[in-house]
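What follows is a single structure, written as C-alpha cells, with notes after it.
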Amino acid sequence: MKERNHLMKPMLTEEQLVTHLKDKGVTFQLYTESDAVDYLRNNNNCYKLASYRKNYDKYQGGESAGKYIGLDFGYLRDLAIIDMKLRYSLIQMALDIEHYAKMNILRQIEYFQEDGYSICDDFFNSLEENQQKLLMNEIERSRNTIYCGDMFAKYPNHFPVWVFLELIPFGRMLSFYGFCAKRFNSQKMKTQFYMLLSCKDVRNAAAHSSCIINDLHINTQQREPQYIIMNKLSKIKEISKDSREKRMSNARMQEIVTLLYVHNDIVTSRGMHSKAMELLDDFKIRMIKNNDYYQTNNLITANFNFLKTVIDKWYEKK
C-alpha cells in the first residue's frame with residue numbers, strides 16, 4: 001500500500017461539511033443548517049453538491065476575500081435537482097440516438113450490398129493489436145449474460161454485423177461508425193461521427209450520474225463546435241452571435257446542444273420525438289422554476305436562457 005500523504009483531507013461529517021460551507025461564504029437562508037445536514041446525509045453528497053459553486057464568483061479582497069458571492073445552500077440544492085432532470089432527459093435521448101446510429105449503419109450496409117460479415121472482419125483487421133484484444137474482451141463480456149448469451153450460441157465463431165452491433169459498447173460502435181463512414185465515403189456519416197463523439201461523452205456523464213451543469217464558464221471546450229450546428233443556431237433570431245459563440249465555447253453546453261441537434265438529425269420516430277419533447281419540457285419547467293435565485297448570477301441566467309431558447313425552437317410543439 002502506498003504511503004499516505006499527510007496532506008490528504010480527512011472525511012468530514014455532515015455537520016462539519018455544513019460548517020465548511022459556511023466558512024466558504026455559503027449562506028443558509030433558504031435551507032436551515034439542520035435541514036442541510038439531513039439533506040447531505042440522505043439525499044446528496046457534499047462533494048457533488050458543492051461542485052455547482054464553480055458557477056459563482058469569489059470576493060477578491062477585503063474581509064470576505066475567498067468567499068463566494070451571493071451563494072446560498074438552497075441554490076446548490078436547486079442546481080442539483082435541475083441537473084438530475086437534465087441527466088434523465090439526456091440519457092433517454094442518447095439511447096434513441098444509439099438505436100438510430102445502429103440503424104443507419106445497417107441501412108448503409110444494405111445500400112452498398114455488403115454481406116454483413118466481411119465488414120466486421122475488415123473492421124477488426126483495421127485495428128491495432130491492443131485494440132483487437134480490447135474488442136475481443138468487450139465481446140467476451142457479453143458471452144455469459146442472459147441478454148446476449150443466445151447470440152453466441154447461434155453465431156459461435158463468426159458474427160454478422162447485426163449481431164456485432166448488439167455485442168459492442170457505445171464507444172466501440174462509434175469507432176465502427178467512423179470506419180463505415182470512410183468505407184462508404186459518406187461525408188454525412190463522417191460529420192455525424194464527430195457529433196456522436198460529443199453525444200457519447202455527455203451520455204456517459206449522465207449514465208454515471210456525473211454533474212453536468214457544474215461549470216458553465218466560457219472557453220472550456222475541447223473541440224470546436226460543428227459548423228452545421230452553429231449554422232442552425234444562427235437561425236434563432238433570439239440568440240445573438242455573441243451569446244451563441246460564448247455559450248458554445250463551454251464544453252458542457254456544447255455537448256448538450258450537440259446531442260439535441262443529433263437527436264433531431266437522425267432519430268426519425270415521431271413517438272421518440274414526442275417523448276423527447278415531453279422530457280425536455282419537464283426539464284425546462286424545472287430549470288426556470290426558481291429563476292429568482294439566479295438574477296444576480298449572469299453566468300447561470302445566460303446559460304439557462306440560451307438552453308431554454310434552443311429547446312423552444314428545436315423542440316417546439318406543432
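The values are calculated or read from the model by the stated rules, or taken from the named source; none is laboratory data. Computed from a predicted structure; not experimentally measured. Cβ atoms come from the backbone with ideal geometry, glycine included; neighbour counts cover every protein chain shown. Heads up: the accessible areas ignore ligands, DNA and RNA and are worked out on the full protein's heavy atoms, side chains in. Shrake-Rupley method; radii C 1.70, N 1.55, O 1.52, S 1.80 Å.
Details
- Zero-based 10 Å bins, Cα pair distances in region 1-95, whole percents: 14, 39, 28, 16, 3, 0
- Which of Tyr117, Thr32, Ser243, positive extreme of dipole for the chain (C-beta unit charges): Ser243
- Computed from Cα atoms alone, the Kirkwood hydrodynamic radius reported for region 79-133 is 14.2 Å.
- Descending Cα extents along the principal axes, region 203-318, whole Å: 40, 34, 32
- Region 172-236 and region 51-65: distance between their alpha carbon centers, rounded to Å: 33 Å
- The protection proxy used here, the mean number of other Cβ atoms lying within 10 Å of each residue, ranks peptides 252-262, 40-50 as follows, highest first: 252-262, 40-50.
- Distance between region 254-318 and region 77-101 - C-alpha centres, whole angstrom: 11 Å
- Carbon plus sulfur fraction of accessible area for the chain, probe 1.4 Å, in percent: 49 percent
- Radius of gyration and maximum dimension Dmax of region 119-274, Cα, Å: 18.5, 57
- Most fluctuating residue given options Asn204, Asn130, Asn291, as computed from a GNM of the chain linking Cα atoms under 10 Å: Asn130
- Cβ-Cβ FRET estimate between Glu15 and Tyr194, R0 fixed at 45 Å, reported to 0.05: 0.40
- When only alpha carbons of the chain are considered, Rg and Dmax amount to 23.2, 73 Å.
- GluC sites (Glu not before Pro) within region 67-161, DSSP loop, no more than 12 other Cβ atoms inside 10 Å: Glu128
- Residues of type lysines that Lys284 reaches as a straight line, Cα spacing below 16 Å, ignoring anything fewer than 8 places off in the same chain: Lys85, Lys275, Lys308, Lys313, Lys317
- Under a model in which nothing but the beta-carbon of Lys, Arg (+1) and Asp, Glu (-1) is charged, the chain shows a dipole of about 600 debye around its Cα centre.
- The protection proxy used here, the mean number of other Cβ atoms lying within 10 Å of each residue, ranks peptides 165-174, 16-25 as follows, highest first: 165-174, 16-25.
- Solvent-accessible heavy-atom area per residue, rounded to whole Å², over the chain at 1.4 Å: 56 Å²
- Global size of region 5-58: 11.8, 38 Å for Rg and Dmax (C-alpha atoms, Rg to one decimal, Dmax whole).
- Cα-based Kirkwood hydrodynamic radius, region 111-183, one decimal, Å: 12.7 Å
- Take every Cα pair under 8 Å whose residues are at least 6 apart in sequence, average their separation, divide by the length of the chain, and the relative contact order is 20 percent.
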